[in-house]
Structure formats: C-alpha cells, structure tokens
Amino acid sequence: MSDDQPDTPPTDGGSQRDGEAFAGTAGGAARPDEECVAHYARDDSQPNENTLSGKIRVFLAFIGSVTRHRVWFLLIMLGTIWGVLHESVRPNTWRRTVRYEFRTTLGEVAGGGLVATLVTGTLTGLGGVSQAIYWLGFAGMSKMTGSLLVTVIVREIAPILVGVLMLGRSGMLALTELGMLTTGGQVKSMQAEGVDPFLLLVLPRTLAFTVSGFTLGILFSVASLATGYVVSRASGAISNSIWSFFYDVVTAMTPADYILIPLKFIVVGFLVGLGCCVSGLTASSEDTVSTMLPRGFSRGMLIVMAVSVLFSLKL
Amino acid sequence: MSQEESPQLAGHAMKRTVGAVLELSGATLLQEGAALPPLPLTMRLMPGECMVIETRDMGRATMFADLCAGMLDLRAGTVRFLGLDWSALGDRRANALRGRIGRITRRPNWSGLFGAHMQMMLKELHHTNRSIEDLTAEAVRLGERFGLPGIPVDAPGRLSDADLARMTCVRGFLGKPRLLLLEDPLETTAVDLSTPFLESLTEARDRGASVIWFGRTSSTWREYRRAVTSQWRLADDGLLTVRIR
C-alpha cells in the first residue's frame, strides 16, 4: 500500500528536496515550525498529482486508506476477543468492581430483555411456527415438522432476532454510555486512577452479553415453539400433546445441534456485546451520539448476520 | 497487606520509600504539539514534600500530572514513581501503581455509570481488598471534614457543584495515597474548602505522602506557603524553579 510509506519522497519529481517541495506550496519563506507542520502534512498524501505516477500513488493511497479503515475495526475486534478470553480466566481479573459490573449488566441485558424476548418469541410462534405446522400438515409432511422447526426457528431465526433485540435494547445503550465516557474524558480519568476501562467495562459487559445471549435464545425458542403449538392445537392443525410435540422437536435435533445451537447464541451475544463496547471505547473526540449510533448499529447488524451465516455454512 | 494486586510491587514500593517518591529525569514528551512543552523536565519529590507548580494553563497541569502518573509516552528520559520506572512496567503493574496516586483533576471524572458513592471509592474498591465497612468509614470521615453529611448515593448528575467539589476532594485523599497530584480544587468552587483541604494535605504529608499542588496563582496556597517545600513554574520554556517569597 502506498500510504504505508508516507516518508518516501516522490521519485519522479525531479531533484526537489523536501524543503523545496514546500517552499512552493507555502508561497514564500515559511517559519521553521510551519515548515515542520507542512512537512508532516505533505508526507500524508501530497505527491505531484499531475504526473501519471502521482495519480497512481493517490489512487493507491485512497484504496489503502479505505482498506485500512475497514480492516481496522476487524483487527481491533480480533484483538479484544483474545483479550476478553485471556483475561476472563485470570482470577485476579474478577475483582469486586468487575463482578459488580458483570452483575449489573447481566441484570439489564437478560432481566431487562426478558419480556421483549418472550413477546417476540410468542409473535414468531403465532406467525411462523403455526403456519409451518399448518402447511406441512396440509402438504402431508407432518413428520418433518420437528426438523423444520429446529432448522428454521431455533437454529436460524432465534439467534438473529435475539441478537437484534440485544443490540437494539442493550447494545446501543452500552455503546452510547461508553462513547460518551470516552468523548467526555471520564475514561481518561479512570485510567488515571489505574482502573483499566477494558477490565472494568468491556470484559464484564461482554461476558454478561454472552450469558444473556444464551439465556434469551433458549427462552425465545421455547416461547416460539410453545406458542406455535398452542395456536396449531387450537386451530386443529395438530392433535398430539405438547410433550409429544416437543419430543418430535428434540428428536429432530442432531448431536451437533446440541453443541452448535447454544454456541450460536453464545457467540452472537459475545460479539454483539464486544462490538458495542469496542465501538463506544474507540469513539473519537469528534464523535457525537448521532455519529456513534448509526455506526454501532450497522456494525452490530453486520456481526449478527455474519455469525448467523458462518454458522449456517458450517451446519 | 490490603493490596489485591502485585504483592511484589507493593513490597518493592515500601522498600523504596526512603528514596524519592517521584523523580523526573530529563523526561521529554513524545507527543508533539501537546499542551506540555517538548522539553526535558527534571525534578525530584521526596516523601512528605509539597511542591507547588504555578501554571496559567490548567490543561498543561493535567498533562503534567498525567506525565507523573506514567500515562504519557516519552521520547527521552525517565519518570520514576516509588523508584519504579513507568516505561518498564507492564499495564497491570502500572495500573496497580497508579492506584497509589490520589488525584484531584480538572478533567471530567464523574459519570452516570455508577452511583456517586461507588465512583468516589472506585479506586480503592478496584485495587484493594479493604472491607466496605473500612472504606465507608474513611469516606464518611473525610466527607464530614469537607462538609458532606454522609456519602451521597445519588447519581453525580443530581448533585450540586459544591457537593461534587467536596466529593472530588474526598476521592483524591481517600485510601492514603503515596502521591497527591492536586489541580487546585480551591480555585473553582463556590464553597470555601481551604481549611479541610489544608488539614487533609497536612495529614497526608505527615503520613509520608508527597504532594504536587498545581495552581494558577499564588493566592490559593498563600496561607500554606510556610509549609511548601518548593515552588516551580510550568510554562512554555519548561519547568522552572521559583524562589518562595
């Protein structure tokens, strides 16, 4: 990438030296400190744009800067994933402030999102599950009901909806809180007291989101399946008992499902929490709520969909 | 020992109390264009000493305090606290060491994240195993000295500026810090906190803590000038010593 070598002077510009290159643009004799500022400014990306190599350099610099800008968040996420996993197994990490933050966030995410998750699960059951049962019965494929519900509802829809719910209800709140602390300087004050914001805020919140992702995911699945059964039974689409219905669903699951479905809930929760915390902590001084929220939401949605797709490919 | 982290560090620090608490040796900031001039800064602060640093720009004072707390990268020189070079310490050890510094800063340090009581005691709760009762008792004692009827448990946003100023002082002195970096709280408050502030300052110095007191003018520390060990001025041309009059 061309902008990886900002100090390289243009090779095609004749015999210009660094100082001379600026003297022309500065429009006269510059003071030493101004020259210094101009030097750094030029180093970023100011080759002679009139020549072919200059144009190529500008183009490559543009591609490089866009690529680095996009990959930057991914690299930070990879680093913090390792950081959270590594730090979470160290007993010294779990000091009382970290435990307090974990408990508080868990209560907010899992407790606060419980009703919303159950309602969404119920609505999914009303719309999706009952319709699936009805049409499978209509097509004479009732035996496939269990496997279809596991595949569609539990494995695909539940992680996405739970991830979106957590993102919208708690993730955006975490992002705003941490973003405002970062831009307001309170994070710096914490660091001045030796309180690592990663340890106090990112780690416990991410793990609380992880536990909540699993909990809410299971509750969502149970609520949607139970509601679907009730509606189908009431409409006469099925006549077997609820235990028999759930038995069909459970037996339709493969051994891999018992690992991968909970894992999907866990990974969605983990990455949504981490993504929101990291987006908040990496906010710049120019950021405001109106810039942080759309960016955080789109990142969160991307995370939810990426996890869902990656797991589906493996399955 | 109540310190939760790094017993070796604490032990090392205890052994070093005979030497300088804080020592800057030609410390030059890496960051260009910062509030602090990119000049070598040299000073030494022994246990129990009180250094007054006058500066017109309190942003510069905050940055100097950050430098003393090992939060800024250096181009040259060293900053040592309790004999330990900040640049040689890992993150965990550096954070543990920062837990032994009491700061009163102009930087915003109250947030809506926790209750005021928790934020006031956050450093001690995070870095030590001291019991809640013990911590609360100390916070109440300091709070009463600064004019608080107890420990506020509301969100800081619901408290008055005067109460926040009192709590900032309590937060700074809580936990018997070894070094106090005080960006003059007396200048900005409407209430008179000079008596409890000086009382706490003297108590901390008697215990062996060292103090750097940043101020815009000498009017705030004039009452205390007989007890001041040295006076410096922080300006564009660096850190300069000033004769106490």
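The values are calculated or read from the model by the stated rules, or taken from the named source; none is laboratory data. Keep in mind that what you see is a predicted model, and the values were worked out from it rather than measured. Counting neighbours? That spans all protein chains shown, and the Cβs are built from the backbone with ideal geometry, glycine included. The area values use the complete protein model at the heavy-atom level, side chains included, leaving out ligands, DNA and RNA. Shrake-Rupley method; radii C 1.70, N 1.55, O 1.52, S 1.80 Å.
Checked against the criterion of being away from chain A (no Cβ under 11 Å) and hydroxyl-bearing (Ser, Thr, Tyr), the stretch B:78-91 contains one or more residues that satisfy it.
Residue-by-condition table, conditions (1) buried (at least 21 other Cβ atoms within 10 Å of the Cβ); (2) at pLDDT 90 or above:
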residue	(1), (2)
A:LEU219	no, yes
A:VAL230	no, no
A:ALA252	no, no
A:PHE270	yes, yes
A:SER285	no, no
A:MET301	no, yes
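For the stretch A:171-203, a residue qualifies if it is aromatic (Phe, Trp, Tyr) and either facing another protein chain (nearest Cβ under 8 Å) or in contact with a Pro (Cβ under 6 Å, 6 or more places away or on another chain) (or both), but none of them does. Within the set A:ILE63, A:ILE81, A:ILE56, A:ILE76, the sole residue that is at pLDDT 95 or above and of a type outside the set (D, E, K, R) turns out to be A:ILE81. You will find that of A:VAL115, A:VAL119, A:VAL154, the residue that is under 18 Å from A:LEU216 (Cβ atoms), in contact with an Asp or Glu (Cβ under 9 Å, 6 or more places away or on another chain) and assigned by TED's automatic domain parsing to the domain that holds A:LEU216 is A:VAL154 and no other. Right, B:ASP73: within 8 Å of chain A (Cβ to nearest Cβ), open to solvent by 30 Å² or more (accessible area, probe 1.4 Å) and of a type in the set (D, E, K, R) or not? No; evaluated as a whole, the condition is false for this residue. Quick check: anything in the stretch B:122-131 among the β-branched types (Val, Ile, Thr), under 14 Å from the mean Cα position of the chain (by Cα), open to solvent by less than 40 Å² (accessible area, probe 1.4 Å) and within 14 Å of another protein chain (Cβ to nearest Cβ)? Checking the stretch B:122-131: not a single residue is among the β-branched types (Val, Ile, Thr), under 14 Å from the mean Cα position of the chain (by Cα), open to solvent by less than 40 Å² (accessible area, probe 1.4 Å) and within 14 Å of another protein chain (Cβ to nearest Cβ). Would you check which residues across the stretch A:205-217 are free of Cβ contacts under 8 Å to residues at least 60 places away in the same chain and open to solvent by 40 Å² or more (accessible area, probe 1.4 Å) and list them? Across the stretch A:205-217, the qualifying residue is only A:PHE214. For the stretch B:84-99, the set of residues classified as in a loop (DSSP other than H, G, I, E, B) and open to solvent by 20 Å² or more (accessible area, probe 1.4 Å) consists of B:LEU89, B:GLY90, listed by residue number.
For every residue, the table says whether it meets (1) within 14 Å of chain B (Cβ to nearest Cβ); (2) more than 20 Å from A:LEU173 (Cα to Cα).
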position	(1), (2)
A:ARG57	no, yes
A:PHE62	no, yes
A:HIS69	no, yes
A:PHE73	no, no
A:ILE76	no, yes
A:GLU87	yes, yes
A:PRO91	yes, yes
A:ARG96	yes, yes
A:PHE102	yes, no
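Residue count for the stretch A:156-183 under the criterion of being open to solvent by 30 Å² or more (accessible area, probe 1.4 Å) and more than 15 Å from the chain's Cα centre (by Cα): the result is 6. Scan the stretch B:101-113 for residues that are out of contact with any Cys (no Cβ under 9 Å at 6 or more places or on another chain) and at the interface with chain A (Cβ under 8 Å from one of its Cβ atoms) and the total you get is 9. Residues of the stretch B:221-245 that are basic (Lys, Arg) and in a loop (DSSP other than H, G, I, E, B): B:ARG243, B:ARG245. Among the conditions (1) part of a helix (DSSP H, G or I); (2) away from every other protein chain (no Cβ under 14 Å); (3) in contact with a helix residue (DSSP H, G or I) (Cβ under 6 Å, 6 or more places away or on another chain), the only one that A:THR251 does not satisfy is (3). Checked against the criterion of being under 25 Å from the mean Cα position of the chain (by Cα) and charged (D, E, K, R), the stretch A:232-241 has no qualifying residue. In the stretch B:196-219, the residue that is farthest from B:LEU39 (Cα to Cα) out of those that are assigned to a loop (DSSP other than H, G, I, E, B) and open to solvent by less than 30 Å² (accessible area, probe 1.4 Å) is B:GLY208. Could you list, ordered by first residue, the pairs with Cβ atoms under 6 Å in which the first is in the stretch B:174-193 and closer than 16 Å to B:VAL21 by Cβ and the second is among the basic types (Lys, Arg), at least 6 apart or interchain? Filtered contacts from the stretch B:174-193: B:PRO177/B:ARG100; B:ARG178/B:ARG100; B:LEU181/B:ARG103.
Elements of the type helices (runs of 4 or more DSSP H) sitting completely within the stretch A:159-246 and holding at least 1 residues that are in the same structural domain as A:SER298 (by TED's automatic domain parsing) and basic (Lys, Arg): these cover A:186-192, A:203-235.
Annotation note: of B:ARG158, B:ARG166, the sole residue that is away from chain A (no Cβ under 14 Å), modelled with pLDDT under 95 and surrounded by 21 or more Cβ atoms within 10 Å (Cβ to Cβ) is B:ARG166. Is one or more of the residues making up the stretch B:50-63 within 11 Å of another protein chain (Cβ to nearest Cβ) and either assigned to a loop (DSSP other than H, G, I, E, B) or among the aromatic types (Phe, Trp, Tyr) (or both)? No, because not a single residue in the stretch B:50-63 is within 11 Å of another protein chain (Cβ to nearest Cβ) and either assigned to a loop (DSSP other than H, G, I, E, B) or among the aromatic types (Phe, Trp, Tyr) (or both).
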